[in-house]
Amino acid sequence: MRPQAPAMIRESATPLRLFWLSALSMVLILSQSLMSFARGAPDSFADLAETISPSVVNITTSTLVAGRAGPQGIVPDGSPFEEFFREFQDRQGDGQRPRRSSALGSGFVISEDGYIVTNNHVIEEADEILIEFFEGMELPAKVIGTDPNTDIALLKVETDQPLKFVNFGDSDTARVGDWVMAMGNPLGQGFSVSAGIVSARNRALSGTYDDYIQTDAAINRGNSGGPLFNMNGEVIGVNTAILSPNGGSIGIGFSMASNVVTRVVDQLQEFGETRRGWLGVRIQDVTADVADALGLATAEGALISDVPEGPAKEAGLLAGDVIISFDGQSVADTRGLVRTVGNSPVGKSVRVVVNRNGETQTFKVVLGRREEAQSAVPAVQPVEPQAPEPQQVLGMTLSEVTEAIREELGLPGNAEGLVVVDIDQTTQAYQKGVRAGDLITEAGQQVVMTVDDLEGRIAEAKEAGRKSILLLVRRGGDPRFVALSFDS
């Protein structure tokens, strides 16, 4: 007969056992919840792929290329066989014969009457565009309009049958870590699906209006122009570029965000071209040292470096103004301002709030059209001058503008300021991009014509308790502000 446990122990065993069972249950529930949260992926992408595949298309383009005069592409330049192949081509008559070049890409249908979105670089300069649908049907397409700035093109096919299409989603709701699916024609292999997640948002590559979604879904050559879907089957991006040292997918692909694409597509469909708002200013970011030189509390906004003829000049904006609000929206940096202005309608009257000399002022500006002003920027390459009696300030050897310097630099007759004759490469000025041949026209937002003027502005800034001076530097007609510390 086994000994019995004391009554007190027997009575406490039940609640103790219940406590541990309860704790174990909580751990299991929490573990299952975490596993479910971490898993996050659907059991299969098959149903989604089956639903949206009919709206994705393969695109084949054909371009007539002029004949080549020599054996380029057959043997390297300078090869001992170069002359032999040239003579062979001449005998065959192939050297000057035009040839056809083909390219492959992807796209997707956005309306039942045949509008198709793809990348501009997929169809650029193409003579013929052929659309292959998932079911096997092939139709020729014509170009409705293109936008090289965002690399978007709108095509149209004619058909008596309504086409299956997909809708755009709101790319702003996509979160880092969300599942996405890319579809297209990678490496010319035909319809293909890849899945991954949103790796990053708001990526900028090289364009003015860039807003890319980064994804690790496999994107290769031939995927260009294809859609990036969310799990609701909505297009949240157009697959445009890859980052790769070898030309293949390494898990870093970029899709132009749908909220950029939809605005472009709407304008291409309505006008056959884009019509972006234009404020008419040249701007740069407000860095910490620029903010200090201007006496600003925070390094935010867009600093106006020049105001050419246009809407902003007519409204009264000046170089040195810091734009802090545009049409009721706060301005954090130049990229955000450029996108906001570009998305605004041409001819719209907007309120622009600036900080001028420490005070806030509001201006009413009627926006122009960006496309009409893009060719108005001069491009003059300066020649390093040799000015008489140069003096050194902040590591820069400076000379006043003379007639000889104006002629040597190709400056307009009314150009005045200080020319950088030479610069110490160990100084802050050099590190911030100031070079020999640059023209300094303002210091501390005041005109400078002599070295004495510049030294006076520096003294005033020091007396005001500032650690740096803001210079307006022009190169080839393009201005920008540079903030230099006094000990540079």
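The values are calculated or read from the model by the stated rules, or taken from the named source; none is laboratory data. Values in this document were obtained by computation on a predicted structure and should not be read as measured data. Cβ atoms come from the backbone with ideal geometry, glycine included; neighbour counts cover every protein chain shown.
Within the stretch 284-318, the residues that satisfy the criterion of being in a helix (DSSP H, G or I) and closer than 19 Å to GLN361 by Cα are ALA291, LEU294, PRO311, ALA312, LYS313, GLU314, ALA315.
Residues in the stretch 319-340 that are part of a loop (DSSP other than H, G, I, E, B) and without any contact (Cβ under 8 Å) to a residue 60 or more places away in the chain: ASP321, ASP327, GLY328, VAL331, ALA332, ASP333. Annotation: VAL265 fulfils all but one of (1) at pLDDT 90 or above; (2) outside the structural domain of ASP210 (by TED's automatic domain parsing); (3) within 30 Å of ASN120 (Cα to Cα); (4) among the hydrophobic types (A, V, I, L, M, F, W, C); the unmet one is (2). With respect to being of a type in the set (D, E, K, R), closer than 18 Å to MET231 by Cα and either crowded, with 18+ Cβ neighbours inside 10 Å or out of contact with any Lys or Arg (no Cβ under 9 Å at 6 or more places or on another chain) (or both), ASP211 falls outside the description.
Looking across the stretch 174-194, the residues that are over 21 Å from VAL117 (Cα atoms) and either surrounded by 14 or more Cβ atoms within 10 Å (Cβ to Cβ) or without any contact (Cβ under 8 Å) to a residue 12 or more places away in the chain (or both) come down to ASP178, TRP179.
Have a look at ILE458, ILE440, ILE423 and point out the one that is touching a residue at least 12 places away in the same chain (Cβ under 8 Å), farther than 21 Å from VAL286 by Cβ and either crowded, with 18+ Cβ neighbours inside 10 Å or in the same structural domain as ARG282 (by TED's automatic domain parsing) (or both). Checking each option against the conditions leaves just ILE423. Among the residues in the stretch 323-334, are any at pLDDT below 90 and under 28 Å from PHE271 (Cβ atoms)? Looking through the stretch 323-334, at least one residue is at pLDDT below 90 and under 28 Å from PHE271 (Cβ atoms). Only one of the listed residues (VAL281, VAL265) is touching an Asp or Glu at 6+ places or on another chain (Cβ under 8 Å) and at negative phi. That residue is VAL281.
Inspect the stretch 198-205 for any residue being touching a strand residue (DSSP E or B) at 6+ places or on another chain (Cβ under 9 Å), surrounded by fewer than 23 Cβ atoms within 10 Å (Cβ to Cβ), outside the structural domain of ILE324 (by TED's automatic domain parsing) and assigned to a loop (DSSP other than H, G, I, E, B) and give the result as yes or no. The answer is yes, given that some residue of the stretch 198-205 is touching a strand residue (DSSP E or B) at 6+ places or on another chain (Cβ under 9 Å), surrounded by fewer than 23 Cβ atoms within 10 Å (Cβ to Cβ), outside the structural domain of ILE324 (by TED's automatic domain parsing) and assigned to a loop (DSSP other than H, G, I, E, B). You will find that of ALA217, ALA293, the residue that is in the same structural domain as TRP179 (by TED's automatic domain parsing), buried (at least 16 other Cβ atoms within 10 Å of the Cβ) and not polar (S, T, N, Q) is ALA217 and no other.
Here the stretch 461-476 is the region considered, the condition is being basic (Lys, Arg) and surrounded by 19 or more Cβ atoms within 10 Å (Cβ to Cβ), and the residue that is farthest from VAL420 (Cα to Cα) is ARG466. Within the stretch 420-441, if we keep just the residues that are in contact with a Pro (Cβ under 9 Å, 6 or more places away or on another chain) and among the charged types (D, E, K, R), the residue that is nearest to ILE304 (Cα to Cα) turns out to be ASP438. Considering the stretch 403-447, and only residues there that are among the acidic types (Asp, Glu) and modelled with pLDDT under 85, the residue that is nearest to ASN357 (Cα to Cα) turns out to be GLU416.
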